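Remarks on the structure that follows.
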């Protein structure tokens, strides 16, 4: 068990090098919290394009939890709204005070992007059609929300949660630290969830674990990393919630490091965009989440194996490949539907696209969002 600590205290000032990749890992980039008020998409009078209907959300425990499972043909529920201490599961609409507002977000410091120019937003570009229930497109340089649909409605995030987990691990661990998997980490999993089949006593480095977490989306790895950093999932969730608050998140509450179903584990498209913005400003997370393949060393029950990135837009041989993509994270549970975070950059403009509660439209919706953003910001 390892108590978390800041990378700065370890004196990790030099870049770390990943295996054969040759990618340097720098220390954490500091993201100043955004001052979130009543935010609108640029060029529009409304922050959200639609209001979610009132519905009742079932509790946790449903099978079929993986990142790539299609939502088509399955039953998925509407947005969730459970607050800590509220087990009713009654759905909330967008957070009060954030809808139908004309106040724009204040620009944040120029962090998380290599932008050197100041693009002009072209309001004449046609807005995208997004089928997913919730979506946000964020300019990573300024923090401006370029497009929003139910941006402040709370949804189950599924495995896009792991971007927050990876960020905290990168900030608090050396990559060569050894993570020992406990019985709790390897057995405290929802039936049918994504796993590498690791068992108690298996050992991997933090670097190996980060690749397993973001490429394979292995849930027992999330548990093990949480225990390594904070001692338990509960204490690590406290760190996640503190970090979310520091980043300016207002509708987020985490209870675990992997995103498996829990009525008290939720976030919003806007909050998830802030988390992704910070995660991809961290060079370690960015490098891992931008990698197509990684060879995981042998474990007790498996020989060395190759892990492959699940985000299809990152693969040049896939029809969904997107020019300028940096990386991202997929997610799926029967209750969350498809969730997707994508970061792309063209001509010095870096965009963060988040879609939540999708029914197999997550890639087409994301492409529409990014195309819109790059066309509008010239």
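The values are calculated or read from the model by the stated rules, or taken from the named source; none is laboratory data. Model, not experiment: these values are computed from the prediction. Cβ sites come from the backbone with ideal geometry, for glycine too, and all protein chains shown count toward neighbours.
Taking region 271-286 as the range and being within 21 Å of residue 233 (Cα to Cα) and in a loop (DSSP other than H, G, I, E, B) as the test, no residue passes. Here residue 136 does not fit the description of being assigned to a loop (DSSP other than H, G, I, E, B), at pLDDT 95 or above and in contact with a helix residue (DSSP H, G or I) (Cβ under 7 Å, 6 or more places away or on another chain). Could you tell me how many of the residues in region 249-260 are closer than 17 Å to residue 234 by Cβ and surrounded by fewer than 22 Cβ atoms within 10 Å (Cβ to Cβ)? Number of matching residues: 2.
Of the candidates 291, 268, 308, 330, the single residue that is touching a helix residue (DSSP H, G or I) at 6+ places or on another chain (Cβ under 7 Å) and surrounded by 21 or more Cβ atoms within 10 Å (Cβ to Cβ) is 330. Among the residues that make up region 265-273, is at least one of them farther than 25 Å from residue 141 by Cβ and at pLDDT 95 or above? Yes, because at least one residue in region 265-273 is farther than 25 Å from residue 141 by Cβ and at pLDDT 95 or above. Only a single item in (1) out of contact with any helix residue (DSSP H, G or I) (no Cβ under 6 Å at 6 or more places or on another chain); (2) at pLDDT 95 or above is not met by residue 325, and it is number (1). Considering region 311-322, and only residues there that are within 20 Å of residue 285 (Cα to Cα) and touching a helix residue (DSSP H, G or I) at 6+ places or on another chain (Cβ under 7 Å), the residue that is surrounded by the fewest Cβ atoms within 10 Å (Cβ to Cβ) turns out to be 312. Taking region 305-315 as the range and being within 21 Å of residue 140 (Cα to Cα) and assigned to a loop (DSSP other than H, G, I, E, B) as the test, only 311 passes.
Yes or no: residue 221 closer than 21 Å to residue 303 by Cβ, touching a residue at least 12 places away in the same chain (Cβ under 8 Å) and touching a helix residue (DSSP H, G or I) at 6+ places or on another chain (Cβ under 7 Å)? For residue 221, the condition - closer than 21 Å to residue 303 by Cβ, touching a residue at least 12 places away in the same chain (Cβ under 8 Å) and touching a helix residue (DSSP H, G or I) at 6+ places or on another chain (Cβ under 7 Å) - is met. Residues that are at positive phi and more than 16 Å from the chain's Cα centre (by Cα) within region 216-254 comprise just one, 231. Kindly evaluate residue 218 against the criterion of being buried (at least 24 other Cβ atoms within 10 Å of the Cβ) and modelled with pLDDT of 95 or more. Here the answer is yes, as residue 218 does meet what is asked. Output yes when any residue across region 178-193 is under 20 Å from the mean Cα position of the chain (by Cα) and buried (at least 24 other Cβ atoms within 10 Å of the Cβ), and no when none is. No: region 178-193 contains no residue that is under 20 Å from the mean Cα position of the chain (by Cα) and buried (at least 24 other Cβ atoms within 10 Å of the Cβ). Scanning region 183-202 for residues that are closer than 13 Å to residue 227 by Cβ and free of Cβ contacts under 8 Å to residues at least 40 places away in the same chain gives 183, 186, 187, 200.
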